[in-house]
1. Run the simple label-point estimate for K133 and Q177 please: 7 Å along Cα→C-beta, distance reported in nm.
2. Amide H to amide H, which residues 5 or more places from A111 or on other chains are under 5 Å from it, using H placed in the peptide plane?
3. What is the gain in length, in nm to one decimal, between E51 and R122 on full extension, counting 0.36 nm per residue of separation less the C-alpha to C-alpha distance?
4. Which pairs, out of K97/K159; K93/K159; K70/K133; K10/K76; K159/K188, put more than 29 Å between their alpha-carbon atoms?
5. Can you tell me, using C-alpha contacts under 8 Å and at least 6 residues apart, the relative contact order of the chain as a whole percent?
6. Suppose each label sits 7 Å from its Cα in the direction of the beta carbon; what would the K159-L85 distance come out to in nanometres?
7. Given points 7 Å out from each Cα along the Cα-Cβ axis, report the K18 to T77 separation in nanometres with one decimal.
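A short reminder: the numbers here are calculations on the coordinates, not readings from a lab. Treat the numbers as computed from the prediction; the structure is a model and nothing was measured. Cβ coordinates were reconstructed from backbone atoms using ideal geometry, including for glycine residues, and neighbour counts include every protein chain displayed.
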Amino acid sequence: MATTQPIRDKKQTKELAKYFFERGEIRNYVMVVLAMHTGLRIGDILKLTWEDVYDFKQNRVKDAITITEKKTRKPKTIKFGNKILKALGHYAKTNAKSGCFLIENTRTSKAISRIQAYRIIRKAAEKLKFALKVSCHSLRKTFGYHAWKTGTSPVLIMKIFNHSSLAVTERYLGITQDDMDIVYLSMKLVA
C-alpha cells in the first residue's frame, strides 16, 4: 500500500478547496479547509459539533476551539485563522444548528464516516487529475509540509501534531530530494 503524501503544490491545495466551493458542496469545502489549516486528523474533525465552533448566543463563529484528540487523548487548542473563520461563517449562514455535527450526513443526522470523507476527497483529487494519492491524511500532512516550508520549526510542528518523536514528524513532512536540493543551492556562506 502506498503511503499518502502531502499536497506540495499550493495551487493544488487551492484547486481542491475551490472544487468543493464552486460545486456548492460547502460542507466538504469546510472539511478540507479545516484539515489543511489545522492539521487535525479527519476523525477529530468529524466529531466536531456546531457548539464546538459556533457561539449561538453571540451568533458568530468562535475564534478558537479546544478539543481532546481521539488518538492521543491530549487536549489541544486551535486558534482559527481567517480562512477557517470565513469558511465557517459562510457555512453557518444556512447550516448552523444546535445539537448537530459540523460535517453531517444529512440522511442520518450523524457525522459522515471516515470512509465517506476519504471517498469525497479521493474522488475530487481524481477529478482534478492529481498525480499523487490523496487521502484525508494527506490533508493533515499538507498542513505540516506547508508550515515547514514557510519556516516553522519541525519541533513546533511535532508539538502541534502531538507526535512522540521528531522522526515521525519528519516522515509526515514528506521531504523530497528537490526540497534538499533547494537548501544546497541556496547556501551562500563563502564569497
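1. Result for the modelled spin labels: 2.1 nm.
2. Those lying under 5 Å, H to H, from A111 are N105.
3. Numbers: separation 71, 0.36 × 71 = 25.56 nm, distance 2.86 nm.
That pair, E51 and R122, stretches by 22.7 nm at full extension.
4. On the way: K97/K159 33 Å; K93/K159 34 Å; K70/K133 25 Å; K10/K76 26 Å; K159/K188 31 Å.
Going by Cα-Cα distance, K97/K159; K93/K159; K159/K188 fall outside the 29 Å limit.
5. Working: 231 pairs, mean separation 56.3, N = 191.
Across the chain, relative contact order equals 29 percent.
6. 2.3
7. Those two pseudo-labels are separated by 3.6 nm.
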